[in-house]
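Taking it in order: structure first as structure tokens, then the write-up.
The values are calculated or read from the model by the stated rules, or taken from the named source; none is laboratory data. Please read all numbers here as calculations on a predicted model, not as lab measurements. Positions of Cβ are generated from backbone atoms using ideal geometry, with glycine treated the same way; all protein chains shown enter the neighbour counts.
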Amino acid sequence: MTDPRSQLLITFLVNDCVAIDAGALAFHLTGEALLAVQDIVLTHVHLDHIASLPFIFSEMFSSIRTPVRIHATVADIERLRCHIFNDVIWPDFTRLRNVHGELLTFVPFTWRDPFEVAGLRLTAIPVTHTVETAGLVVEDGQGRCVAFTSDTGVTDEFWEVLNALPRLDAVFVDVAFDNANEFVAKASYHLSPRLLVGELAKLRRPSQVLAVNLKPFCREQVKDEVRALALPNVQVAELDVDYTW
């Protein structure tokens with residue numbers, strides 16, 4: 001989706017089969033492309049990161065052949081059970097079955113402990129947001145490594161972990177607000193281009209940096225301000241574009 005308003009919802013698709021967050025997933029993919037996503041890793045349960053999650057199971061009910069694995073913290077799994085799949089807001093698809101069996105299964109992960117997902121090695125690192133949120137380090141079997149801050153304000157441990165990695169190809173960094181709205185960024189624990197400079201000073205290694213989660217109302221201003229930083233290898237990520245390393 002190239003409409004800037006699609007940035008309202010967040011999903012990153014890795015290797016066509018693993019989704020990091022499900023804000024846009026079922027609103028963008030359909031049919032076999034959606035069925036190919038067997039693992040969904042949730043960084044947190046704010047609505048822009050889970051909005052399409054319930055629709056996967058209603059729209060694809062009869063087509064799901066093996067349970068979709070939803071990876072999240074124990075606390076976030078409980079929040080999904082209580083507030084989404086509760087037979088009030090949405091049917092409890094954890095109890096429902098189709099002719100093939102279960103539709104979904106929850107798989108808890110723990111902070112800082114690597115876990116395997118579809119041949120990838122993921123590690124969840126706490127970042128600084130209004131609710132518990134996982135920054136993610138994603139490594140494949142060929143040494144490639146990409147990291148995602150998810151939603152975060154000024155934070156420290158995430159960058160320390162990245163500095164200790166043997167290789168880092170790219171970091172997708174939340175830069176939600178422009179500098180004029182930095183007070184909103186600080187209050188809601190997001191970043192602005194000016195705050196981004198301070199965060200990248202903590203990254204003591206070369207890496208491509210891609211700014212994401214730009215709010216639609218200030219997207220063009222954020223793009224201009226990131227460009228004006230003139231920092232090497234730092235740019236705003238394009239929507240609906242494949243990145244490879």
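Some values worked out for this structure:
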quantity	calculated
Qualifying residue in the stretch 74-92 (condition: in a loop (DSSP other than H, G, I, E, B), in the same structural domain as residue 11 (by TED's automatic domain parsing) and in contact with a Cys (Cβ under 8 Å, 6 or more places away or on another chain))	no
Any hit, the stretch 150-158, residues being of a type in the set (Asp, Glu) and within 20 Å of residue 11 (Cβ to Cβ)	yes
Test: residue 92 is more than 29 Å from residue 176 (Cα to Cα), at pLDDT 95 or above, in contact with a strand residue (DSSP E or B) (Cβ under 8 Å, 6 or more places away or on another chain) and among the acidic types (Asp, Glu)	yes
Complete set of residues in the stretch 14-27 that are under 15 Å from the mean Cα position of the chain (by Cα) and surrounded by fewer than 19 Cβ atoms within 10 Å (Cβ to Cβ)	15, 16, 17
Cβ-Cβ under 6 Å pairs, at least 6 apart or on other chains, the stretch 212-225 side buried (at least 19 other Cβ atoms within 10 Å of the Cβ), far side polar (S, T, N, Q) and outside any loop (DSSP other than H, G, I, E, B)	214/7; 225/179
Selected residue (only one of 76, 92 is acidic (Asp, Glu), farther than 18 Å from residue 242 by Cα and surrounded by fewer than 17 Cβ atoms within 10 Å (Cβ to Cβ))	92
Within the stretch 16-74, tally of residues that are touching a Lys or Arg at 6+ places or on another chain (Cβ under 6 Å) and within 16 Å of residue 84 (Cβ to Cβ)	1
Residue check, residue 224 under 20 Å from residue 19 (Cβ atoms), of a type in the set (D, E, K, R) and modelled with pLDDT of 95 or more	no
Residue list for the stretch 171-221, restricted to those being touching a Phe, Trp or Tyr at 6+ places or on another chain (Cβ under 7 Å) and aliphatic (A, V, I, L, M)	184, 185, 203, 210, 212
